[in-house]
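Engineer: I have a structure I would like to understand better, so I am pasting it below and will then ask my questions one at a time.
The values are calculated or read from the model by the stated rules, or taken from the named source; none is laboratory data. Note that the structure is predicted; figures quoted are calculated from it, not measured. Keep in mind that these areas ignore ligands, DNA and RNA; they rest on the heavy atoms of the full protein, side chains included. Shrake-Rupley method; radii C 1.70, N 1.55, O 1.52, S 1.80 Å.
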Amino acid sequence: MISGYSESAWKRITAIVAPALVIAGCAGTPEAPATGETQPQQAPATTNKEPPVTAKTLTDSSWLAINILGKLASAAQSTLSLVADEVSGNAGCNDFRGNVEIEGKRLRFGALATTRKMCAPPVNGQETVFLEALSLTHSWQRTGDTLQLLDESGALLVDLQPR
């Protein structure tokens, strides 16, 4: 169990992920990327000063995941673009699209439609965890150049850097 998540939260994740894997036609259990990293990696410091991200500017932005649930996003590039009330991106192998609600620091993704390409196990694992993290997102915050997606208790789900 990843610290910060209760057993009931993991049961909810399992209840959502398992049917999605069956529908996607994937066999077996997805594996998280094998990175050997135990600590989340920080985004490299940039010298460019970017304007602060607000709810208004967040709706016209594009991001690359650097950490997902405390693990380095190294198996694939998981991306996220927010335009008006829509979200799109690539979870690592498959594209996704859906609706997003942003009110102040509140951020909620609606049901996401995804393509259904078969992916290599490490990529599939990262993709599954990334999409799950998006479904658990309740709010956002900015730390330096990093956009952080948080769950309902304020625990960190995903770190993203600007694209």
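Engineer: Once ligands and nucleic acids are excluded and a 1.4 Å probe is used, how much of TRP63 is accessible, expressed in Å² to the nearest 10?
Structural biologist: Probe radius 1.4 Å; accessible area of TRP63 about 10 Å².
Engineer: Now for a different question. Leaving ligands, DNA and RNA out of it, report the carbon-plus-sulfur percent of the accessible area of the range 64-151 at a 1.4 Å probe.
Structural biologist: Numbers: 1950 of 3690 Å².
Answer for the range 64-151 is 53 percent, counting heavy atoms of protein chains only.
Engineer: In nm, what is the difference between 0.36 nm times the number of residues separating SER62 and GLN148 and their Cα-Cα distance? The partial results should precede the final answer.
Structural biologist: Numbers: separation 86, 0.36 × 86 = 30.96 nm, distance 1.32 nm.
Length gained, SER62 through GLN148: 29.6 nm.
Engineer: Related question: Sort ASP95, ASP159 from largest to smallest accessible area, using a 1.4 Å probe on the heavy atoms of the protein chains. All intermediate terms of the calculation are to be shown ahead of the outcome.
Structural biologist: Numbers: ASP95 75, ASP159 10 Å².
I get ASP95, ASP159, largest accessible area first.
Engineer: Determine how large the accessible area of SER74 is when every protein chain is in place; take a 1.4 Å probe and give Å² rounded to the nearest 10.
Structural biologist: 70 Å²
Engineer: Can you grab the distance from the C-alpha centre of the range 123-142 to the C-alpha centre of the range 81-111, Å, no decimals?
Structural biologist: Going from one Cα centre to the other spans 11 Å.
Engineer: Residue by residue through the range 89-95, what is 3J(HN,Hα) from phi via Karplus (6.51 cos²θ - 1.76 cosθ + 1.60, θ = phi - 60°)? Round to whole Hz and write x for glycine and proline.
Structural biologist: x, 10, 6, x, 9, 9, 7
Engineer: If you don't mind, another one. Accessible area per residue for the range 60-163 in Å², computed with a 1.4 Å probe and the full protein assembly in place, what is it? Can you show the working numbers first?
Structural biologist: Details: 4490 Å² over 104 residues.
That works out to 43 Å² per residue.
Engineer: For GLN77 and THR115, compute 0.36 nm times the residue count separating them, minus their Cα-Cα distance, and round to one decimal in nm.
Structural biologist: Details: separation 38, 0.36 × 38 = 13.68 nm, distance 1.58 nm.
Difference between extended and current length: 12.1 nm.
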